[in-house]
DNA sequence: ACGGCCTGTGTAACCGGTTACATGACGCAC
DNA sequence: GTGCGTCATGTAACCGGTTACACAGGCCGT
């Protein structure tokens, strides 16, 4: 036997479908006798309301679409965990779609969301403002996380990369470091752009020598960057990588070259992944789960009170550990 | 203006809704002229089909519900990543619901899936067979991951905990270790149960002395367990923790006590989280993403060919690293 | 010229819920 | 006894798609 529908329940309880609907949804205008009969019938048939049909007639799904790029480990799970925590607290489900490949794939993923979710959270650090604007379904509330979009059409929440980077640079300079190396993330990544721009600005302001090398957020690229610079014989007394993975790679390369961290070269990263604590890596802590949680909060609030149009900055926090502990060695 | 519906498109293209539906879904029996007019109208109106309505009439959602317990970091993201990879390859979306609290919460989460998904993946290592059977919606295909359920009603996939544990114990015993300590996971967790049972069996078979202490899968509990045993003055030359987190905690405690790993005490874990590699921890590697991927595969296959009723074991793999490298110290 | 077939299109029922509105029963005041 | 308000209930339209079926027109063979 297939699933029971509301009409099956109505037949069994010998009432109309309207009464069943009212009874099960706890409306006041239902007699006790009817309510009891309906409940009994529903129980006997193992009736479970069809959420799809329900949301079609209510024009409300109680689900939020989440579109994320192909994130690495910790970051992904943490942000989804935060979102899920807040969403389930408010009775929402999460409809997940990873955004792997090109923009046509993205368009498909986004349109598949239409009609199954009440709102959308999009994190697409590799899409430009225009692409996003074109791809986003028109009628759907969307919240953007960490995109370059500045049109103000959508509520958004961003990581305050600049504040984090500034804190690191000031910390390093405060320790007496004079020649800084920054290992940047991939060019097309929005966070990577912000971080390297902030680094240049802060280092220039502080009046220290600096250099910027490219990386791709993977550990190996941090290792490679440091190696290359050492091979060229260029000196530096501090490394700031755009994320922890690359910072850890950098430490590896430094140790391989017989240099001491932090005596010879101080190292700092960004993100505060669990590994960072274990390695004693100075870094910028991003409370990722909190960010996801907050995104859902703001999104749902803006959904009910149509007005709220926000642009929030999520402030990260400098965590000083062993890799920058001492004074400069020189 | 709200979203355009199929009727809006029909009006604009001056055809019937049936023709619009046929044209947009690529049916053959539509004239080229009509198809062109429909496409044009759809484009002009920015029409995106309403997935909810579509799935209602098709009785097919192209979504899979995923119900997971409140997992920790790496494991969660990896399994979801694997599932998503396979799901999006096949054109499915994932509807996610974390299973936090009690069974009524669980019932709610599961019934919310009815009518929005074509099938369900449930991972609930803390629910018994009977609870599961009662909670699972009747009409819905469900795949179980790592549950104790043996009824055979649902396709399922399990981690071969026993094989993993045996490999570790044999490895430790092969190194000459004579007194093993096992730090178990939480009592109500199915994997934890299997692992500690397998440990007792394997250790007894090998004829070595052993002890089992309770933990909760968190690092701190591993640390605590070792500390307590050391305080009691009990000796052991190898620790096998039910997961890597606790193994790392154990190492911490051993080092604090001035003991050397692996010379004095060898340590092994389970899972192979990224941290394990960095710490040189011997462990059992679980290819989590692969497990998720495979689960989706099997589920979708069993969905199309109604017959496939499987019970697959996912074999893990021993990874020997520094924490068990040498011979016993004695 | 006629019947049969094929093709393209429209009409309307249906998926499984919600809900505006109509209805009928009842109680109460006049 | 009539009129009115209140309350529980049923009928049917609706959400936005899909699709069975009916039908019109064109082309064919005889």
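Inside region B:17-28, can you point out the residues that are surrounded by fewer than 13 Cβ atoms within 10 Å (Cβ to Cβ), within 9 Å of DNA strand D (Cβ to nearest atom) and over 19 Å from residue A:107 (Cα atoms)? Write out each step before concluding.
Here is the first cut: in region B:17-28, the ones surrounded by fewer than 13 Cβ atoms within 10 Å (Cβ to Cβ) are B:18, B:25-28.
Remaining after also requiring within 9 Å of DNA strand D (Cβ to nearest atom): B:18, B:25, B:27.
Listed by number, the residues that qualify are B:18, B:27.
Sort out which residues of region A:80-89 are free of Cβ contacts under 8 Å to residues at least 40 places away in the same chain and either outside any helix (DSSP H, G or I) or more than 8 Å from chain B (Cβ to nearest Cβ) (or both), and write them in order of number.
A:89
Filter region A:13-25 for residues that are more than 17 Å from residue A:51 (Cα to Cα) and part of a loop (DSSP other than H, G, I, E, B); which is farthest from DNA strand C (Cβ to nearest atom)?
A:14
Could you list, in sequence order, the residues of region A:155-180 that are touching a helix residue (DSSP H, G or I) at 6+ places or on another chain (Cβ under 6 Å) and farther than 27 Å from residue A:289 by Cβ? Lay out the reasoning, then the answer.
Residues of region A:155-180 that are touching a helix residue (DSSP H, G or I) at 6+ places or on another chain (Cβ under 6 Å), as a first pass: A:155, A:157, A:161-162, A:165-166, A:169, A:173, A:180.
Correct list: A:173, A:180.
Given the structure, is residue B:68 at pLDDT below 90 and not in a helix (DSSP H, G or I)?
Details: at pLDDT below 90: yes; not in a helix (DSSP H, G or I): yes.
Criteria met by residue B:68.
Which of the residues spanning region B:38-79 are away from DNA strand D (no atom under 16 Å from the Cβ) and more than 30 Å from residue B:132 (Cα to Cα)?
To start, the set of residues in region B:38-79 that are away from DNA strand D (no atom under 16 Å from the Cβ) comprises B:40, B:64-79.
Of everything in region B:38-79, just one residue is away from DNA strand D (no atom under 16 Å from the Cβ) and more than 30 Å from residue B:132 (Cα to Cα), namely B:40.
In region B:90-103, is there at least one residue being under 30 Å from residue A:90 (Cβ atoms), touching a residue at least 40 places away in the same chain (Cβ under 8 Å) and within 16 Å of DNA strand C (Cβ to nearest atom)? Step through it out loud before you land on a result.
Step one: list which residues in region B:90-103 are under 30 Å from residue A:90 (Cβ atoms), which gives B:91-103.
The next check asks that each one be touching a residue at least 40 places away in the same chain (Cβ under 8 Å); those that pass are B:92.
Add one more test, that the residue is within 16 Å of DNA strand C (Cβ to nearest atom), and what stays is none.
For region B:90-103, residues under 30 Å from residue A:90 (Cβ atoms), touching a residue at least 40 places away in the same chain (Cβ under 8 Å) and within 16 Å of DNA strand C (Cβ to nearest atom): absent.
Kindly provide the set of residues from region A:118-135 that are over 25 Å from residue A:290 (Cα atoms) and within 14 Å of chain B (Cβ to nearest Cβ), ordered by number.
Hits for region A:118-135 are A:133, A:134, A:135.
If the requirement is being within 12 Å of DNA strand C (Cβ to nearest atom), more than 9 Å from chain A (Cβ to nearest Cβ) and either surrounded by 17 or more Cβ atoms within 10 Å (Cβ to Cβ) or outside any loop (DSSP other than H, G, I, E, B) (or both), which of these qualifies: B:36, B:53? Lay out the reasoning, then the answer.
Numbers: B:53 fails: more than 9 Å from chain A (Cβ to nearest Cβ).
Result of the check over B:36, B:53: B:36.
Filter region A:1-12 down to residues that are more than 10 Å from DNA strand C (Cβ to nearest atom) and buried (at least 18 other Cβ atoms within 10 Å of the Cβ), then give me how many there are. Break it down stepwise before answering.
Initially, region A:1-12 is screened for residues more than 10 Å from DNA strand C (Cβ to nearest atom), giving A:1, A:11-12.
Checking the rest, the ones that are also buried (at least 18 other Cβ atoms within 10 Å of the Cβ) come to A:12.
Result for region A:1-12: 1.
Could you check region A:225-241 and list, in sequence order, the residues that are crowded, with 22+ Cβ neighbours inside 10 Å and touching a strand residue (DSSP E or B) at 6+ places or on another chain (Cβ under 6 Å)?
Hits for region A:225-241 are A:225, A:237, A:238, A:239, A:240, A:241.
Which numbered condition in (1) away from DNA strand C (no atom under 16 Å from the Cβ); (2) touching a helix residue (DSSP H, G or I) at 6+ places or on another chain (Cβ under 7 Å); (3) in a helix (DSSP H, G or I) is the only one that residue B:48 fails?
That leaves (3) as the condition not met.
Residue B:58: over 26 Å from residue A:82 (Cα atoms), within 13 Å of chain A (Cβ to nearest Cβ) and within 12 Å of DNA strand C (Cβ to nearest atom), yes or no? Can you show your working first?
Numbers: over 26 Å from residue A:82 (Cα atoms): yes; within 13 Å of chain A (Cβ to nearest Cβ): yes; within 12 Å of DNA strand C (Cβ to nearest atom): yes.
For residue B:58, the condition - over 26 Å from residue A:82 (Cα atoms), within 13 Å of chain A (Cβ to nearest Cβ) and within 12 Å of DNA strand C (Cβ to nearest atom) - is met.
Residue-by-condition table, conditions (1) within 14 Å of chain A (Cβ to nearest Cβ); (2) over 30 Å from residue B:173 (Cα atoms); (3) under 12 Å from the mean Cα position of the chain (by Cα):
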position: B:265; (1), (2), (3): no, no, no
position: B:270; (1), (2), (3): no, no, no
position: B:278; (1), (2), (3): yes, no, no
position: B:282; (1), (2), (3): no, no, no
position: B:285; (1), (2), (3): no, no, no
position: B:305; (1), (2), (3): no, yes, no
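Pull out all pairs, ordered by first then second residue, where Cβ-Cβ is under 7 Å, the residues are six or more apart or on different chains, the first lies in region B:1-26 and is within 14 Å of chain A (Cβ to nearest Cβ), and the second is within 7 Å of DNA strand C (Cβ to nearest atom).
B:6/B:17
Show the residue pairs meeting these rules: Cβ distance below 9 Å; 6+ apart or different chains; first residue within region A:54-69 and on the phi > 0 side of the Ramachandran plot; second residue surrounded by fewer than 17 Cβ atoms within 10 Å (Cβ to Cβ).
These pairs meet every condition: A:62/A:90; A:62/A:91.
Given the structure, is residue B:110 in contact with a strand residue (DSSP E or B) (Cβ under 6 Å, 6 or more places away or on another chain) and buried (at least 22 other Cβ atoms within 10 Å of the Cβ)?
Working: in contact with a strand residue (DSSP E or B) (Cβ under 6 Å, 6 or more places away or on another chain): no; buried (at least 22 other Cβ atoms within 10 Å of the Cβ): yes.
No, not satisfied.
Of the residues B:222, B:292, B:235, which single one is in contact with a helix residue (DSSP H, G or I) (Cβ under 7 Å, 6 or more places away or on another chain) and without any contact (Cβ under 8 Å) to a residue 60 or more places away in the chain?
On the way: B:292 fails: without any contact (Cβ under 8 Å) to a residue 60 or more places away in the chain; B:235 fails: in contact with a helix residue (DSSP H, G or I) (Cβ under 7 Å, 6 or more places away or on another chain).
B:222 is the lone residue from the list that is in contact with a helix residue (DSSP H, G or I) (Cβ under 7 Å, 6 or more places away or on another chain) and without any contact (Cβ under 8 Å) to a residue 60 or more places away in the chain.
Within region A:74-81, can one find any residue that is out of contact with any strand residue (DSSP E or B) (no Cβ under 9 Å at 6 or more places or on another chain) and either at negative phi or at pLDDT 95 or above (or both)?
Quick first cut of region A:74-81, residues out of contact with any strand residue (DSSP E or B) (no Cβ under 9 Å at 6 or more places or on another chain) only: A:77-78.
Narrowing the set further to residues that are either at negative phi or at pLDDT 95 or above (or both) leaves A:77-78.
Yes: one or more hits.
The values are calculated or read from the model by the stated rules, or taken from the named source; none is laboratory data. Given the structure is predicted, the values throughout are model-derived calculations rather than measurements. Here Cβ is always computed from backbone atoms with ideal geometry, including for glycine, and neighbour counts include all displayed protein chains.
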